[in-house]
Amino acid sequence: MRTAQKIIGWYFFIGAIALYLFYLSIQTPEHLLLFLVPNTIATFVFLLYLVVSYYYLKDPMGEVSETAFIIMLFIQSLGIQLFGFGFNNVYFPELSIKINLQELTDVNFHFTYFKLQMLNGYFRDNSNNSISINLLLVGLLFFISYCTKKLKRTEDHKYCS
């Protein structure tokens, strides 16, 4: 279980660095200044991903690091597009459910082996109002909680014996 926690921590730590470097490599200097708000949001989001995954990597059993990591996974699992505002920063395989908020009867499932998306800020021409949830990240969230509870239970039995 500890090995799985370390692998997950390394994946999100290295992924945050790689995705942010990729994000910066596709930006031109003019684009960085022209779209300052989305670029600032992306910088803060990836710094959050980097710091949280680093602390989870160092101490996966710590309450604060695990809680912060679970919140980070929840943020990554959400994709929001409302009234032109878009937020979706993810680097993980995707099995998502997407709900169109204009027509609540329009629910779609989507699967890709790997999704790399950086969507931040306000886009005037985007009329799509939808929320998507990556079910694989939600599953990972529950797996991490299960691992931590199982490891804490085995450690408690060691001290009680």
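What residue, among those in segment 71-120 that are of a type in the set (Val, Ile, Thr) and more than 24 Å from residue 14 (Cβ to Cβ), is surrounded by the fewest Cβ atoms within 10 Å (Cβ to Cβ)? Break it down stepwise before answering.
Restricting attention to segment 71-120, the residues satisfying the condition of being of a type in the set (Val, Ile, Thr) are 71, 75, 80, 90, 97, 99, 105, 107, 112.
Add one more test, that the residue is more than 24 Å from residue 14 (Cβ to Cβ), and what stays is 80, 97, 99, 105, 107.
Numbers: 80: 14, 97: 14, 99: 15, 105: 6, 107: 11.
In this case the residue turns out to be 105.
Select from segment 121-155 the residues that are within 30 Å of residue 33 (Cα to Cα) and modelled with pLDDT under 80 and write down the one among them that is surrounded by the most Cβ atoms within 10 Å (Cβ to Cβ). If we take residues in segment 121-155 being within 30 Å of residue 33 (Cα to Cα) and modelled with pLDDT under 80, then 121 is surrounded by the most Cβ atoms within 10 Å (Cβ to Cβ). Here is the figure for segment 18-46: residues that are within 15 Å of residue 76 (Cα to Cα), touching a helix residue (DSSP H, G or I) at 6+ places or on another chain (Cβ under 8 Å) and without any contact (Cβ under 8 Å) to a residue 60 or more places away in the chain total 3. Exactly one residue out of 20, 55, 11 is modelled with pLDDT of 85 or more, under 21 Å from the mean Cα position of the chain (by Cα) and farther than 19 Å from residue 140 by Cα, and it is 20. Applying the set (1) more than 11 Å from the chain's Cα centre (by Cα); (2) under 25 Å from residue 45 (Cα atoms) to residue 146 leaves exactly one unmet item: (2).
Taking the criterion of being assigned to a helix (DSSP H, G or I) and either on the phi > 0 side of the Ramachandran plot or out of contact with any strand residue (DSSP E or B) (no Cβ under 9 Å at 6 or more places or on another chain) (or both), the residues of segment 1-11 that qualify are 2, 3, 4, 5, 6, 7, 8, 9, 10.
Restricted to segment 12-130, the set of strands (runs of 3 or more DSSP E) holding at least 3 residues that are out of contact with any His (no Cβ under 9 Å at 6 or more places or on another chain) and under 26 Å from residue 147 (Cα atoms) comprises 85-100, 107-122.
The values are calculated or read from the model by the stated rules, or taken from the named source; none is laboratory data. Please read these numbers as outputs of a predicted model, since none were measured by experiment. Every residue, glycine among them, receives a Cβ derived from its backbone with ideal geometry; neighbour counts consider all protein chains shown.
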